[in-house]
Amino acid sequence: KDHEIEAYLALLAEAAATTAAFPDVCLQIQPQQCATASLLLEQGDSQEAEAALQSCPAEPVSIVLEAWHAASGGCGIVPLGILLVLHPSCPNSPADVQVQGRSDAALNLEQRARAAASLAAEQGLPCVFNVASELHEQVANMSAQGESEKSCQKTQKWKHRDGQERQAAAHFKPMTLLLLRLDHMHSRAIYCRTLSKWTSDLDLTGRIIFKDRLILILLEGEEEHVKQYLVCHRTQNVDVDSRGRKCRERMMTVALHQPSPLGRARGFSDFREASVTSMLEVEQLLTKSGLDVAAARDAIGLV
């Protein structure tokens, strides 16, 4: 067991180095014990990380690497992701590599990522860093070929006049709903202030819902703005760790991301906190946005 934990720690250390080297690459780890240990390692608490790994099941570790690039042929940004499935205790076995999508760019990336994983296995080393490097390079190339995010934002930018009037450069589009679940916040004030800025910049409305230990983020707005929000939330500092250092969100779950049943209408006129005491109040807020409560229950395990 000690040997396995050492192997897990080596893998998670490489994952942390990968995140530091490629801030544009979002990294998610499963099972949950490994994700928790990774967060503890980032906070410098190696003993607690080892304790978290004690209960880790003897199964392969899944790591999702995702980065976003400017779309070609139109405004917006789209994701490109890689799924790695590997067993830390068997570093000589190549990781299983799957790339999202079947475009020429995705197939090319998959071939390069598999080569990087095989090379790492021959050397008895984790492959996360090398595979992330291939993803980073591919996304940089694709962004250079597509329309830049800055240019897109200029054509989509909303102008606020007298605090009320909104005028779009592009035609008005139907709303999109986004429901996120957070594991925790170390600093509620810093977290909520950061989200308020992002939602204001992107003309998103909704609520941060607090009910006991349940934390939900409900957003509504144009699809391109919702996607840009997700990029911010995954790649920028939003909270502080136990030592007061700025950190990014590592344990966010996208529960639902779908067109709004309200069409062009919005359920909320602003974005702010909502502290409630019952699940009925949670459901009322979800219903106000047009969200299907039964679907939300399935997605985030509401009881």
Original post:
Name the pairs: first residue in the stretch 96-112 and more than 12 Å from Leu80 (Cβ to Cβ), second residue open to solvent by less than 60 Å² (accessible area, probe 1.4 Å), Cβ to Cβ under 6 Å, at least 6 apart or on different chains?
Top reply: Asp96/Val85; Val97/Ala113; Val97/Ala117; Gln98/Leu83; Arg112/Glu134
Subject >> Filter result (among the β-branched types (Val, Ile, Thr) and more than 15 Å from Phe210 (Cβ to Cβ)) within the stretch 270-296 >> reply: Thr287, Val293
Subject >> Scan of the stretch 48-69 for residues that are open to solvent by less than 60 Å² (accessible area, probe 1.4 Å) and in a loop (DSSP other than H, G, I, E, B), ordered by number >> reply: Cys56, Pro57
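State which residue is modelled with the highest pLDDT when the search covers only the stretch 108-143 and only residues that are touching a Leu at 6+ places or on another chain (Cβ under 8 Å) and not in a helix (DSSP H, G or I).
Cys127
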Original post:
Are any residues in the stretch 115-129 under 19 Å from Cys26 (Cα atoms) and open to solvent by 60 Å² or more (accessible area, probe 1.4 Å), and if so, which ones?
Top reply: Phe129
**OP:** Test Ser196 against the stated conditions and say whether it is at pLDDT below 55, open to solvent by 40 Å² or more (accessible area, probe 1.4 Å) and either more than 21 Å from the chain's Cα centre (by Cα) or of a type outside the set (Val, Ile, Thr) (or both).
**Re:** no
Subject >> Where Gly244 falls short, out of the listed (1) under 27 Å from Cys26 (Cβ atoms); (2) in contact with an Asp or Glu (Cβ under 9 Å, 6 or more places away or on another chain); (3) among the small types (Gly, Ala, Ser) >> reply: (2)
Subject >> Total residues in the stretch 200-258, condition surrounded by 19 or more Cβ atoms within 10 Å (Cβ to Cβ), part of a loop (DSSP other than H, G, I, E, B) and small (Gly, Ala, Ser) >> reply: 0
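The values are calculated or read from the model by the stated rules, or taken from the named source; none is laboratory data. Predicted model, so just to flag it, every value in this text is computed and none were measured. Neighbour counts run over all protein chains shown; Cβ positions are idealised from the backbone, glycine included. Only protein heavy atoms, including side chains, enter the accessible area calculation; ligands, DNA and RNA are left aside. Shrake-Rupley method; radii C 1.70, N 1.55, O 1.52, S 1.80 Å.
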